[in-house]
1. Using the Cα centre as the reference, give the magnitude of the dipole from point charges on the C-beta atoms of the stretch A:227-289 (Lys, Arg: +1; Asp, Glu: -1; all else neutral), rounded to the nearest 20 debye.
2. Along the Cα→Cβ direction, 7 angstrom out, place labels at A:Leu219 and A:Leu180. What is the inter-label distance in nm?
3. Could you point to the residue in A:Thr99, A:Leu262, A:Ala82 farthest towards the positive end of chain A's charge dipole, with +1 and -1 charges on the Cβ of Lys/Arg and Asp/Glu respectively?
4. In terms of the Cα gyration tensor, with a ≥ b ≥ c the square roots of its eigenvalues, is the stretch B:261-318 rounded because a/c is under 1.5, prolate because a/b exceeds b/c, or oblate?
5. Please report, for the Cα atoms of the protein assembly as shown, the Rg to one decimal and the Dmax as a whole number; what are they, in angstrom?
6. Return the single residue from A:Ala141, A:Ala203, A:Ala17 with maximal mean-square fluctuation; model: Gaussian network over chain A, springs between Cα atoms under 10 Å.
7. Can you give the FRET efficiency for B:Asp314 and B:Val49, using 1/(1 + (r/R0)^6), R0 = 41 Å, r = Cβ-Cβ distance, to the nearest 0.05?
8. Summing Lys, Arg as +1 and Asp, Glu as -1, what charge do residues with Cβ under 14 Å from the Cβ of A:Arg127 carry, A:Arg127 excluded?
Amino acid sequence: MTTVDTLAAGWQPTRAAAPFTRLVWSELRWIFRRPRTLVVLGVLGAIPVIIGLSVHLSGSTDGGPPNGEAPLFVTFASSALALPVGTLSVTLMFLLPLTVAMVGADAIAGEQSHGTLRGWLLAPVTRGRLLTVKALGVAVAALVAVTLMTSTGVVTGFVLGGTDGLFTLSGTSLTVVEALGRIGITISWVAVQLFAVGAVALAISTFTEHPMVVVAGILAGDILFGVLLMLSAVDWLHPFLLTVSWSALPDVLRDPIPTGTLTEGALRAGCYMLIGLSIAYARLTAKDG
Amino acid sequence: MSAIDIHARGATSNRGEVAPTSGGAGADGATSALVARARGLRKVYRGAVAVDSVDMDVPEGAVLGMLGPNGSGKTTMIRMLLGLVRPTEGDVELLGQPMPDAASRALPHVGALVEGPGFHPFLSGRENLLRVAAAEPLLPTTGTRDAVGAALERVGLSGAADRKYRGYSLGMKQRLGLAGALLVPRKLVVLDEPTNGLDPAGTREVRRIIGELRESGVSVLVSSHLLAEVEATCTHVVVLHEGTVVAQGSLDTLLDSGSPALLVSTPDAETAVEALRQNRTPARLAPGGVRVDLTATEPSTVVETLVRYGVAIDEARRERTGLEDVFARLTQAEAAEQAPDVEPDHVVMREVSP
């Protein structure tokens, strides 16, 4: 360790900060090195394959459909367009928000519980920067989860149904390029919804040092919103609930896409992000380290 | 008691080398450069006063031991010095910068191990340190790997660097925390209970590292509730008790605050006292020998006199007040002062209760 100039010699420390990209890389490496993250991603990636295979096999073993519904569902499950979208709309109800909640929980509450949050503050990394790094980490994790799931869904669909079965719910058929465009829209839209969940998870994360509280909070909110959406007595409340537009995801399978509900949903998610990150910032800057 | 004395004597030679600031260190009128300075600090957590009206100085180049029983406010003080917590009242300066507002100026030059080591169990020691290193402002990106390797080497963890942190012993965890504080050349290193969980060899290692830091001009602030540890490693001491400073200054000043005396172990105690009194040196019998007052004479003169009178001397040593004694005296005085405040309350209570 080298001797540094003395304070007495009029030494003045200057502002210093670690490069932002280095912090982000370090954070991403940490997220994707965590066994838990890898297990969850593995499960998410396997879901479209399992759904596709099981529906395809159950539909084709007895040689013919027992009733009228099966062929449509089998076609659906074997389509490179419908399978990923269908899987995403099913998992968007619980599994995907849960994944994002988990990452958001570890981001701040988890670090707090291991005593590692203090390390960031002592380095020092300013609290605003810390939140930015954490939010980026959660966003990347959400994007990776959605993209991975969609990719395995598309691949499974192509393998099972080939490139021909790309029918929309409106009965028209799409080219592969058009279908991939729809897939792109789906990924972005679901990711934006998950960013909103992530922002709320980060906000809860700043209030506790128990990651479980964050996951439970997100799950409870998800269920509560679901219940409220079923009660017509509180329909004035419905426009404020993040999950209200989630059931509109299959709209991307229509031709042309009815954009109303989807756009509204994206804007609503934007509001949730803004509010969630603001609360997280306010709490993080006021918090004792 | 005697064990403490031995420590104290062993440490004396070490302390002798330091000295540029050992004379005038104290909250009042310190003229030398300070790496940390606190004035009128007060911290209240939800109505509970953790620290109250604390003035504290960390002189540059010093190893300041912060001493106090558990719950005396040591960690709160450290957290305020490092800007982790905003004081309810008072000012903190770290490396001349107001905290916590100028944290991004001061903290890059400060290494800290606060409230135990904090790391992720699923990463190895090295990966954990790489993560810490990524956030260090003064480390160039290309140098992080080398810095981590060097820090691991320094705390003796190279062999276990690639094992998961989950499997580390308490001592290894503590060492890794220490390595995190030493990743970058620092001006000040703050160690909160650094020897917690360490075996005697580990404790010696920590002392060695503190010694190295001091020799290279780095100031160190160590908190501890282990008195012997502070006596052995520090040049300066701050004693905290129930959230206030009851004493601070150089260790020598604190230890020498009693009257100087020489303890002579001898089988001929009676003869010795007689001989010294004939030479007008005040002396009295003490267990195992005599205690000689050194106010007016030198140890060498005393020994010479005794030898001249044919007194057999087993050992002669300067009497030092152990830090334990000083500490007991300080904290007991505090308790005694508080006692009168308590009594009137009781009286009032009794009057009210019927």
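1. Numbers: 4 positive and 5 negative charges, 47 e Å.
Taking the Cα centre of the stretch A:227-289 as origin, the dipole is about 220 debye.
2. 3.8 nm
3. A:Thr99
4. Working: a/c = 1.30, a/b = 1.14, b/c = 1.14.
Rounded, because the longest to shortest axis ratio a/c is under 1.5.
5. 34.2, 125
6. Maximum fluctuation in the GNM of chain A, among the listed residues, is at A:Ala17.
7. Efficiency computed from Cβ-Cβ geometry: 0.20.
8. Values: positive: A:Arg118, A:Arg129, A:Lys134, A:Arg283, A:Lys287, B:Arg86; negative: A:Glu111, A:Asp288, B:Asp101.
Cβ neighbours under 14 Å give a net charge of +3.
Bear in mind these aren't lab numbers, they're just calculated from the coordinates by the rules spelled out. Please read these numbers as outputs of a predicted model, since none were measured by experiment. Note that we place each Cβ from the backbone using ideal geometry, even for glycine, and neighbour counts take in every protein chain shown.
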